[in-house]
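Only one structure is covered here, and it is reproduced in the block below.
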Amino acid sequence: MRRITTIGVYGFTAATFIEKLTGEGVGLLLDLRQRRGVRGPDYSWANSARLQHMLATADIGYRHVKELAPTTELRQLQYREDDRQGVGKRNRIALAHEYAERYTREILDPFDLSALVAELPSDSATALFCVERDPEACHRLLVAARVRAAHRLPVTDLRPG
């Protein structure tokens, strides 16, 4: 049966990230980032080439789904709201209402999610991947919610710890 998980970068090490994915039976990771890099040495393992190598070693497939990544303009809108609230990207706990509304309208609504879901493995979980630690602070929550509602797939949020 197809299953969906969500996972971010922050709070994981390379080892704990892979442990979490394999422990959940993930066979495919969908990278929903526009820019597939993370600043700082603690998270260099999540930069595209290193991440893909690490996943391949663990026998986990990788696919970049750039069409589901937020645009630079949308990310800037979220950063402005973060600044207004005095929070950083690494400790954000929720998406700005306008960001969520525009992401849904501009990116998620026009995307053919049915075609993507049809291509997902039926014998393992698929992870929706981005940067933020908590799905509530990331667009992957919006994608997961749509998959759950439109395709009745179970969704599990993977968190560090």
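The values are calculated or read from the model by the stated rules, or taken from the named source; none is laboratory data. Keep in mind that what you see is a predicted model, and the values were worked out from it rather than measured. Glycine also receives a Cβ, built like all others from the backbone with ideal geometry; neighbour counts cover every protein chain displayed.
Things worth noting here:
- Cβ-Cβ distances below 9 Å connect the following pairs, each with a first residue in segment 38-57 that is free of Cβ contacts under 8 Å to residues at least 24 places away in the same chain, a second residue that is part of a helix (DSSP H, G or I) and among the aromatic types (Phe, Trp, Tyr), and a separation of six or more residues or different chains: Leu51/Phe17; Leu51/Trp45.
- Considering Thr71, Thr57, the condition of being under 17 Å from Val38 (Cα atoms), loosely packed, with under 15 Cβ neighbours inside 10 Å and hydroxyl-bearing (Ser, Thr, Tyr) is satisfied by Thr71 alone.
- Of all residues in segment 99-138 being closer than 25 Å to Trp45 by Cα and of a type in the set (Asp, Glu), the one that is surrounded by the fewest Cβ atoms within 10 Å (Cβ to Cβ): Glu136
- Residue identified as modelled with pLDDT of 95 or more and more than 15 Å from the chain's Cα centre (by Cα) among Asp83, Asp109: Asp109
- Tabulated pairs, segment 75-95, first closer than 14 Å to Gly8 by Cβ, second among the aliphatic types (A, V, I, L, M) and assigned to a loop (DSSP other than H, G, I, E, B), C-beta under 8 angstrom, 6+ apart or interchain: Lys89/Val131; Ile93/Val87
- Selection status of Leu141, surrounded by 15 or more Cβ atoms within 10 Å (Cβ to Cβ), of a type outside the set (Asp, Glu) and within 15 Å of the chain's Cα centre (by Cα): yes
- Residue selected from segment 18-33 under the condition surrounded by 15 or more Cβ atoms within 10 Å (Cβ to Cβ) and not aliphatic (A, V, I, L, M), by the criterion nearest to Asp123 (Cα to Cα): Gly27
- Residue satisfying condition, being of a type in the set (Gly, Ala, Ser) and within 25 Å of Leu153 (Cα to Cα), within set Ala58, Ala14: Ala58
- Residues satisfying the stated conditions in segment 92-138, i.e. closer than 20 Å to Gln34 by Cβ, touching a strand residue (DSSP E or B) at 6+ places or on another chain (Cβ under 6 Å) and not β-branched (Val, Ile, Thr): Ala127, Leu128, Phe129, Pro135
- Pairing residues of segment 144-161 that are exposed (fewer than 13 other Cβ atoms within 10 Å of the Cβ) with residues that are in a helix (DSSP H, G or I) and of a type outside the set (Lys, Arg), at Cβ distances under 7 Å and at least 6 apart in sequence or on separate chains, gives Ala150/Leu113.
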